[in-house]
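Participant: A single structure is presented below for examination.
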């Protein structure tokens, strides 16, 4: 009997269904990224019930076999930039790999993608050269960009590595939660500095950060119980925010933190500002969030400068990740939808 594909709503799902969904995700995590501590069931449920919506809303599906969830899928439909694509993630219990479950789930998702007028399907954060990428390539996906996943285990690193003074002519400012009004406009402008990071052949566009969008994002993080810590380097003479870094810590999972964007404006590069802002954030983290044990980040595989900065602070590269894309028409043909 073929698997049954149905939409999945975490807000109304039973405890048993949520546990099965969680089991699929953590089983795949254990195979692809054994160095990553899995979230607890409670942390996981909170995350899928209140997902980050900076790109757009998230829809979910499950594949059931004899009533049991054996595969899942999620689709993000970006609402601002990137309205040409849908970002899809498919996960299948490892014991059910190569049995057509993932293909069946993707086939069930595609009608919703096509109805929304999207022209490209993207797979993001797929472990490079592993079973998931191999499966996707058979369906016409091509690798458009690559990343490295880097991990910092705080107990294994000499804190002296984080003593990075800021260059003369600059000062560091930090905050948790919301950016101060006095720096909001400059902070939003500085966030666009990441738009010249390497992107390979990807069609994914970076967000156009405005002060209003920053405030919306901050409110979204608060609603999800995520603490954001930002450190910026301010150019003393001009008052411009020259560089920044962002770190996220979940209230429900304080053993782990996520290093998000780090960027330096093009005309202020070469002063060690990336090291300075990251070093200051790490010093804050160990002082104010002592329960955090690991930090994860990802960087474009060809962004050698940022990879070098992370290594200098104690990060270790632990995996290669792929970004994959396929045209909706080509995928529909392959899936015979």
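Participant: What's the exposure ranking of 122, 265, going from fewest to most Cβ atoms within 10 Å?
Facilitator: In increasing order of surrounding Cβ atoms, one gets 265, 122.
Participant: Using only the Cα atoms of the stretch 158-313, each taken as one equal point scatterer with no solvent, compute I(q) by the Debye sum, divide by I(0), and report log10 of the ratio at q = 0.16, 0.21 Å⁻¹.
Facilitator: Debye output, listed in q order: -0.93, -1.59.
Participant: Could you state the principal axis extents of the C-alpha atoms in the stretch 92-162, from the largest down, to the nearest angstrom?
Facilitator: 54, 32, 19
Participant: To continue, here is another question. Gap in Å between the Cα centre of the stretch 120-189 and the Cα centre of the stretch 1-49?
Facilitator: What the calculation gives is 24 Å, centre to centre.
Participant: With springs only between Cα atoms under 10 Å, which of 14, 74, 202 fluctuates most in a Gaussian network model of the chain?
Facilitator: It is 14.
Participant: A further question follows. Where is the GNM fluctuation largest for the chain (alpha-carbon springs, 10 angstrom cutoff): 176, 322, 250?
Facilitator: Top of the fluctuation ranking is 176.
Participant: Run a plain Debye calculation on the chain (Cα atoms as equal point scatterers, no solvent) and give log10 I(q)/I(0) at q = 0.07 Å⁻¹, rounded to two decimals, same order as the q list.
Facilitator: -0.30
Participant: Okay, moving on. For the modelled label position 7 Å from the Cα of residue 23 along Cα-to-Cβ, which residues of the stretch 47-75 have backbone nitrogen atoms closer than 16 Å?
Facilitator: 62-72
Participant: Arrange 124, 187 by Cβ neighbour counts within 10 Å, fewest through most, would you?
Facilitator: 124, 187
Just so you know, all these numbers are worked out from the coordinates, no wet-lab data involved. Keep in mind the model is a prediction, meaning the values are calculated, not measured. Because the Cβ atoms are built from the backbone with ideal geometry, glycine has one as well, and the counts that use them run over all protein chains shown.
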